[in-house]
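This report refers to the structure that appears directly beneath it.
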Amino acid sequence: DGQVLGHVVADGVIGKFELIDYAVAVAGDGRIRSVDVLNYRESHGYEIKLPAWRKQFVGKGASAPLRVGDDIANISGATLSCGHVTDGVRHLVALLERQRASGRL
């Protein structure tokens, strides 16, 4: 029927030293459906790949804080990775929301 169900955007951020590739799936209403860590190269902090950490994003949209320490928990030993991925997700959700609000999506 041609209805857009949502969008998936892949991006990369630096953890402590290495690039972290991740993807964000956002539903048509602007809420996060999933966050997936595609490639984690750091020697520590692999826990951000686990569903328990990633599921914190599900259901949140552009109006959510999406900040470590606010609505996203930190992982000891992966502070920079948690923060950088969370910042990246927040940026992508805001970008998609601006595009959706302007009718470009």
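The values are calculated or read from the model by the stated rules, or taken from the named source; none is laboratory data. Since this is a predicted model, take the numbers as computed values, not measurements. Glycine also receives a Cβ, built like all others from the backbone with ideal geometry; neighbour counts cover every protein chain displayed. Just so you know, the surface numbers come from the protein's heavy atoms only, side chains and all, with ligands and any DNA or RNA stripped out. Shrake-Rupley method; radii C 1.70, N 1.55, O 1.52, S 1.80 Å.
The one condition from (1) without any contact (Cβ under 8 Å) to a residue 12 or more places away in the chain; (2) more than 15 Å from the chain's Cα centre (by Cα) that A52 does not meet is (2).
Filtering the range 1-41 to residues that are more than 23 Å from P65 (Cβ to Cβ), of a type in the set (D, E) and at pLDDT 95 or above leaves E18, D21. For I20, the criteria (1) in contact with a Gly (Cβ under 6 Å, 6 or more places away or on another chain); (2) touching a residue at least 60 places away in the same chain (Cβ under 8 Å) hold in every case but one, which is (1). The number of residues in the range 71-101 that are loosely packed, with under 14 Cβ neighbours inside 10 Å, polar (S, T, N, Q) and assigned to a loop (DSSP other than H, G, I, E, B) comes to 1. Does R104 fit the bill of being assigned to a helix (DSSP H, G or I), open to solvent by 60 Å² or more (accessible area, probe 1.4 Å), under 22 Å from G6 (Cβ atoms) and not aromatic (F, W, Y)? So R104 does not fit the description; no. In a residue-by-residue description of the range 63-70, the property of being surrounded by fewer than 17 Cβ atoms within 10 Å (Cβ to Cβ), polar (S, T, N, Q) and modelled with pLDDT under 95 applies to no position.
Here D36 passes the criteria (1) out of contact with any Phe, Trp or Tyr (no Cβ under 8 Å at 6 or more places or on another chain); (2) free of Cβ contacts under 8 Å to residues at least 24 places away in the same chain except the one numbered (1). Pairs meeting the criteria (first residue in the range 83-105 and without any contact (Cβ under 8 Å) to a residue 60 or more places away in the chain, second residue open to solvent by 20 Å² or more (accessible area, probe 1.4 Å) and assigned to a loop (DSSP other than H, G, I, E, B), beta carbons under 8 Å, at least 6 apart or on different chains) are G83/N74; T86/R67; R90/R67; A94/A62; Q99/L105. Take the residues in the range 1-23 that are β-branched (V, I, T) and closer than 16 Å to L105 by Cβ, then tell me which one is most open to solvent (accessible area, probe 1.4 Å). Among residues in the range 1-23 that are β-branched (V, I, T) and closer than 16 Å to L105 by Cβ, the one most open to solvent (accessible area, probe 1.4 Å) is V8. Looking across the range 24-45, the residues that are surrounded by fewer than 15 Cβ atoms within 10 Å (Cβ to Cβ) and either more than 19 Å from V93 (Cβ to Cβ) or under 11 Å from the mean Cα position of the chain (by Cα) (or both) come down to D36, N39, R41, S43, H44.
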